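Undergrad: Quick one: the structure is below, questions incoming.
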Amino acid sequence: MSDFPAVLQFDGGNVRSWLDDQSANIEEALDDVGAVLLRGLPVSSAQAFDEVVAAFDLPVFSYEASLSNAVRINHTPRVFTANEAPPEVEIHLHHEMAQTPIAPSRLFFCCLSPADEGGATPLCQSEALLEAFAEQHPKWADELKRKGLRYVTRMPSDNDESAGQGRSWKSTLGVNSQSEAEARLSELGYDFEWQSDGAVRTVSPVLPAVVDVKEGRASFFHQLLAAYLGWPGVRENPATALSFGDDAEIPSELLETLASLSSDYTYDLNWQAGDVAVVNNYLVMHGRRPYSGATKREVLVSMAP
Ligand SMILES: [Fe+2]
């Protein structure tokens, strides 16, 4: 397999023409290894990043329309903050919104300002991870593929920025009342249960754990690691957030094995100001390392359906 991620260095001149010239290389890298870093671009604002994304001429996957459970802030219709979770919180590897029926196929990240310490974006090659996992644990791999997954999430009554998944149900579902929420959840195939604190506990419809990509290739497509390692209480009891599609429990050993194996296929993208990374959400998982220091880390994101 080729270098991961692929790196294309901007050599000056007009950004738009350079992007047009590189377009075939970028698409090839996204199909092949799943991630490409565009380095050295003169991108220092949300607006400039918006223009880079616009050059790809893809429809907008908007945060409002998504069921993302992260709290985010919009900068332009196309661009929003990556995640408002506090710096010390690690965001573990995941395929964006794979725990929902509405997931983007492509992600764009842009670093306006790297953190003083830490704050890399880990990128994991999920196709290679699946291959290695299936070789070591064919039964588990087959079970994941055949049964798919269901995710339990809790949407709070109000936005909670201290949590990695603190987006309120009103914001997540784009509704104003409990009855509208119920209609929307039913339409999306969710089971749900209201909690005494005004939150709603939801169980997703059966979603894939493995997806087919081009030319008979297959890749993982899930939130198992982010949920197991990052969601409160899930490591202690995975059944609180995860099950196979037939509601059977997922063994902790499966999740531990996957977590430890994933590091073999993970590359830490250490940001430089102006970097833009384009990610094929079906082939590559991403996360966020913790960070510290006085400089505000600014990484923005944009998505396409
Ligand atoms: Fe993400």
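Residue-wise test of (1) within 12 Å of the ligand (Cβ to nearest atom); (2) in contact with a strand residue (DSSP E or B) (Cβ under 8 Å, 6 or more places away or on another chain); (3) in the same structural domain as Arg235 (by TED's automatic domain parsing).
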residue: Gly40; (1), (2), (3): no, yes, no
residue: Phe61; (1), (2), (3): no, yes, no
residue: Leu67; (1), (2), (3): no, no, no
residue: Ile73; (1), (2), (3): no, yes, no
residue: Glu88; (1), (2), (3): no, yes, no
residue: Pro104; (1), (2), (3): yes, yes, no
residue: Phe109; (1), (2), (3): yes, yes, no
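Undergrad: Just the residues that are farther than 19 Å from Pro208 by Cβ, part of a loop (DSSP other than H, G, I, E, B) and away from the ligand (no atom under 14 Å from the Cβ), please, taken from the stretch 271-305.
TA: Of everything in the stretch 271-305, those that are farther than 19 Å from Pro208 by Cβ, part of a loop (DSSP other than H, G, I, E, B) and away from the ligand (no atom under 14 Å from the Cβ) turn out to be Trp271, Gln272, Ala273, Gly274, Asp275, Pro290, Gly293, Ala294, Thr295, Lys296, Arg297.
Undergrad: Can you tell which of Thr76, Thr81, Thr121 is touching a residue at least 60 places away in the same chain (Cβ under 8 Å) and surrounded by fewer than 19 Cβ atoms within 10 Å (Cβ to Cβ)?
TA: Thr81
Undergrad: Check Leu67, Leu93, Leu41 and return the single one that is over 30 Å from Asp158 (Cα atoms) and either in contact (Cβ under 8 Å) with a residue 24 or more places away in the chain or polar (S, T, N, Q) (or both).
TA: Sole residue among the options that is over 30 Å from Asp158 (Cα atoms) and either in contact (Cβ under 8 Å) with a residue 24 or more places away in the chain or polar (S, T, N, Q) (or both): Leu41.
Undergrad: Against the conditions (1) farther than 28 Å from Phe244 by Cα; (2) more than 16 Å from the ligand (Cβ to nearest atom); (3) of a type in the set (Phe, Trp, Tyr), where does Trp140 fall short? Just the number, please.
TA: Only one criterion in (1) farther than 28 Å from Phe244 by Cα; (2) more than 16 Å from the ligand (Cβ to nearest atom); (3) of a type in the set (Phe, Trp, Tyr) is unmet by Trp140, namely (1).
Undergrad: Select from the stretch 254-267 the residues that are out of contact with any Gly (no Cβ under 9 Å at 6 or more places or on another chain) and surrounded by 13 or more Cβ atoms within 10 Å (Cβ to Cβ) and list them in ascending order.
TA: Leu254, Leu255, Glu256, Thr257, Leu258, Ala259, Leu261, Ser262, Tyr265, Tyr267
Undergrad: Scan the stretch 26-39 and tell me whether some residue there is part of a loop (DSSP other than H, G, I, E, B), in contact with a Ser or Thr (Cβ under 9 Å, 6 or more places away or on another chain) and closer than 28 Å to Ser204 by Cβ.
TA: Within the stretch 26-39, one or more residues are part of a loop (DSSP other than H, G, I, E, B), in contact with a Ser or Thr (Cβ under 9 Å, 6 or more places away or on another chain) and closer than 28 Å to Ser204 by Cβ.
Undergrad: Take Val213 and tell me if it is in contact (Cβ under 8 Å) with a residue 60 or more places away in the chain, in the same structural domain as Trp140 (by TED's automatic domain parsing) and either more than 16 Å from the ligand (Cβ to nearest atom) or in contact with a helix residue (DSSP H, G or I) (Cβ under 7 Å, 6 or more places away or on another chain) (or both).
TA: Taking the combined requirement at face value, the residue satisfies it.
Undergrad: List pairs: first residue in the stretch 217-228 and in the same structural domain as Pro101 (by TED's automatic domain parsing), second residue surrounded by 24 or more Cβ atoms within 10 Å (Cβ to Cβ) and modelled with pLDDT of 95 or more anywhere in the structure, Cβ distance under 6 angstrom, at least six positions apart or on different chains.
TA: Listed by first residue and then by second, the contacts come to nothing, as the list is empty.
Undergrad: Quick one: in the stretch 64-81, which of the residues that are in a loop (DSSP other than H, G, I, E, B) and within 14 Å of the chain's Cα centre (by Cα) is nearest to Glu96 (Cα to Cα)?
TA: Once the filter is applied, the top-ranked residue is Ser68.
Undergrad: Further question on the same structure: Name the one entry in Leu224, Leu144 that is buried (at least 22 other Cβ atoms within 10 Å of the Cβ) and within 18 Å of the chain's Cα centre (by Cα).
TA: None of the other options fit; the residue is Leu224.
Undergrad: Quick check on my filter: what residues within the stretch 183-217 are surrounded by 14 or more Cβ atoms within 10 Å (Cβ to Cβ), farther than 14 Å from Gln99 by Cβ and out of contact with any strand residue (DSSP E or B) (no Cβ under 7 Å at 6 or more places or on another chain)?
TA: Matches in the stretch 183-217: Arg184, Arg217.
Undergrad: Being in contact with a Leu (Cβ under 8 Å, 6 or more places away or on another chain), among the aromatic types (Phe, Trp, Tyr), assigned to a loop (DSSP other than H, G, I, E, B) and touching a residue at least 60 places away in the same chain (Cβ under 8 Å) narrows it down to one of Phe56, Phe61, so name that one.
TA: Phe56
Undergrad: Which numbered condition in (1) closer than 30 Å to Asp3 by Cβ; (2) more than 16 Å from the chain's Cα centre (by Cα); (3) not small (Gly, Ala, Ser) is the only one that Lys139 fails?
TA: Of the numbered conditions (1) closer than 30 Å to Asp3 by Cβ; (2) more than 16 Å from the chain's Cα centre (by Cα); (3) not small (Gly, Ala, Ser), the odd one out for Lys139 is (1).
The values are calculated or read from the model by the stated rules, or taken from the named source; none is laboratory data. Note that the structure is predicted; figures quoted are calculated from it, not measured. Note: ideal-geometry Cβ built from the backbone for every residue, glycine included; neighbour counts use all protein chains shown.
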